Every structure is written in structure tokens, then in C-alpha cells.
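A short worksheet on the structure shown next.
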Amino acid sequence: MHVTGAVPAAVEAAIAESFALVREASEADGVLALITSRIDDAYLAAAGPQLRIIANYGVGVDNIDLEAAARRGILVTNTPDVLTETTAELAIALTLSLLRRVTEGDRFLRARRPWGFGLEFMLGAGLGGKQFAIVGAGRIGRATARLAKAFGAEPIFAGRGELERVLPLADIVSIHCPLTPETRHLIDARALSLLRPTAVLVNTARGAIVDERALVHALRNGRLAGAALDVFEREPAVAEELLSLENVVLTPHLGSATRTTREAMGLSAVSALRSLLVEGRRPANAVTGSTIDPP
Ligand code: DGY
């Protein structure tokens, strides 16, 4: 088995129980792929016909050419469920950081600016009573809606073709759909123009679902009140303009980043590899056909 990058020790141990590691995919019948590894047709061709399964270490599979894998009879699996709550938590954490100006306040203090408690000082907004639009009503979207509701917000789901109706109503728009050819730049200049100028955008899904250039433009021109972003269009690069805007909260792709969740994801991927390669069964988390179903 081949692993495309470093994994937690607990996952390494689980791999060692069932598999011998090889240095190249061309020697492997299974690959455990990090989401930062691009598994395209050229990769699969170079790997060769002995390769039977790519187990992605993540729920999003936009790093893999699914059609090319299917054409070559290679099974692709992902790691849903185990990261649902963790990612939803981050979506809410980012939303609250943005609305309550947590990171802005932190920057303010670290800049050693003079201040004193004041009734009009650095006022933010709460989640209570807010229209919380969820783009992508899959597992993570639904979990985020549940948490938002616990804070008193009103979730509204924007399914396919419903952006026109939902965006103008939203105070918060949180993205939870997978990145596919259909959803690339789903939130473009036109979608942003449907939002109220007081609305904010939260993205914990994939950067390229949002047209980052259009987003920067909207933020700069007061067309949008703020953005909280865990993912970026050209990761790991972060647009210089985003780094310099006060009304933006940024985290480096931390949606599933707790030790418990990262280990659970790895064990889920190893279990998929075991199912096919050791037990000869179809793994539970095989990604079927297209990736249109939200995670
Ligand atoms: C995923 O699983 O797709 C996340 O982006 C990384 O854990």
C-alpha cells in the first residue's frame, strides 16, 4: 500500500497491521491519498493496472478524477460522517468570530492600540434571529444548521437552483456543498450581488466554490459585510487582499482538524482499504458515480 503523505501515528499503526508500505503507487494495489494529492488520469496511468483502490483521507474527493478512476476500474472511497460535527463546529466558530469580531479584537490588542471599555466600542452582532442560509444540505450542512439553531438563528436551506430565492433573505451564508464542475464559482459576482450588504459569507467547504476575486471586490466595495474562510481558491496561497481586510476571518483549512477526528478519518480510510484488499468486500464508503451528493 502507498500513502501520499504523513499520517497520524495511530493511523500508521493501523496500516502496519494489515499492509506493507511501498514507496510508489506503481508498486501498490491501494493508495491512501491525502486531499492535497492530485490523483488525475496521468497519476493513475503511471500507477498502473495493479492499482485497485484510492482511499481518500477526507470527505471531499475533488482532488481525484473520478471518471478516470471509474474507467480504469479503480474504486474511490472517502471518509464521511466522522468529520461532520467537527466541520460544523468550525463553521459556527468562524461565524461567531466574524460577527462578534473576535479575531479583529485579538489583532487590535496585539497591535497595542490604546483602548478602554466603551458602550459603543467594537460592537458586533449575535446569531439570534439571523437567517442562516446553508448552501448544500448534506450531512455537514444539516449539522451546521442544527448548531446555528441552538444559537437562535433560523436555518434556511438553499438546494440546487434555489440560490436566487435564498441569498436575498440571508444574514449569513454558509457553504457546505462539494466542489464539482457544477459548483465551481457557484458564489460568483452575480450570486454575491443578490446578498444584502449586511450579510456575511462563511466557507468551510472548498475555496473554488467561491470566486475569490469577486468576493474581494464585494468586501472592498461594501457589497458584503464580511467573510470567514477556512478554504481558499489556490490553497495554500491566500490572496493578499484577503489578508489585509479587517472584516475577514481566516483559518488554514482546519474544518476536520481535531486529533480525534483526524484519527477517525484515517481509520475509516484504512478500513476501506482492508475491506477491498484483505476481505474482498466492497467498502462502505465507496464514492459512487459523480460527486454531486453533498458530504
Ligand atoms: C475534507 O475531508 O474534505 C476536508 O476538507 C479535510 O478534512
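Checking the condition acidic (Asp, Glu), closer than 25 Å to THR183 by Cα and within 16 Å of the ligand (Cβ to nearest atom), which residue from GLU263, GLU241, GLU233 passes?
After applying the criteria, what remains is GLU233.
Mind listing whichever residues of the stretch 89-146 are exposed (fewer than 15 other Cβ atoms within 10 Å of the Cβ) and either of a type in the set (D, E, K, R) or under 18 Å from the mean Cα position of the chain (by Cα) (or both)?
Hits for the stretch 89-146 are ASP106, ARG107, ARG110, ARG112, ARG113, GLU120, ARG146.
Got a number for residues in the stretch 49-82 being within 14 Å of the ligand (Cβ to nearest atom), in contact with a helix residue (DSSP H, G or I) (Cβ under 9 Å, 6 or more places away or on another chain) and in a loop (DSSP other than H, G, I, E, B)?
Adding up the residues that qualify gives 8.
Among the residues of the stretch 136-152, are any of a type outside the set (A, V, I, L, M) and assigned to a strand (DSSP E or B)?
no
Kindly evaluate GLY5 against the criterion of being surrounded by fewer than 17 Cβ atoms within 10 Å (Cβ to Cβ), within 14 Å of the ligand (Cβ to nearest atom) and at pLDDT 95 or above.
Against the criterion (surrounded by fewer than 17 Cβ atoms within 10 Å (Cβ to Cβ), within 14 Å of the ligand (Cβ to nearest atom) and at pLDDT 95 or above), GLY5 qualifies.
Only one of these is acidic (Asp, Glu), surrounded by fewer than 22 Cβ atoms within 10 Å (Cβ to Cβ) and in contact (Cβ under 8 Å) with a residue 60 or more places away in the chain: GLU233, GLU246. Name it.
Matching residue, one of GLU233, GLU246: GLU246.
Starting from residues that are in a loop (DSSP other than H, G, I, E, B) and touching a residue at least 60 places away in the same chain (Cβ under 8 Å), keep the ones in the stretch 10-35 and report whichever is nearest to LEU75 (Cα to Cα).
If we take residues in the stretch 10-35 being in a loop (DSSP other than H, G, I, E, B) and touching a residue at least 60 places away in the same chain (Cβ under 8 Å), then ASP29 is nearest to LEU75 (Cα to Cα).
Scan the stretch 165-223 for residues that are in contact with a strand residue (DSSP E or B) (Cβ under 6 Å, 6 or more places away or on another chain), of a type outside the set (A, V, I, L, M, F, W, C) and away from the ligand (no atom under 16 Å from the Cβ) and jot them down.
Passing the criteria: only ASP171.
Take the residues in the stretch 160-217 that are within 24 Å of THR87 (Cβ to Cβ) and polar (S, T, N, Q), then tell me which one is surrounded by the fewest Cβ atoms within 10 Å (Cβ to Cβ).
THR180
Which of (1) at pLDDT 95 or above; (2) out of contact with any strand residue (DSSP E or B) (no Cβ under 8 Å at 6 or more places or on another chain) does ALA269 not meet, given it meets every other one?
So the condition that ALA269 fails would be (2).
Taking the stretch 36-48, which residues are hydrophobic (A, V, I, L, M, F, W, C) and not in a strand (DSSP E or B)?
If the condition is that a residue be hydrophobic (A, V, I, L, M, F, W, C) and not in a strand (DSSP E or B), then ALA42, LEU44, ALA45, ALA46, ALA47 are the ones that fit.
The values are calculated or read from the model by the stated rules, or taken from the named source; none is laboratory data. These numbers come from a predicted model, not from an experiment. Cβ atoms come from the backbone with ideal geometry, glycine included; neighbour counts cover every protein chain shown.
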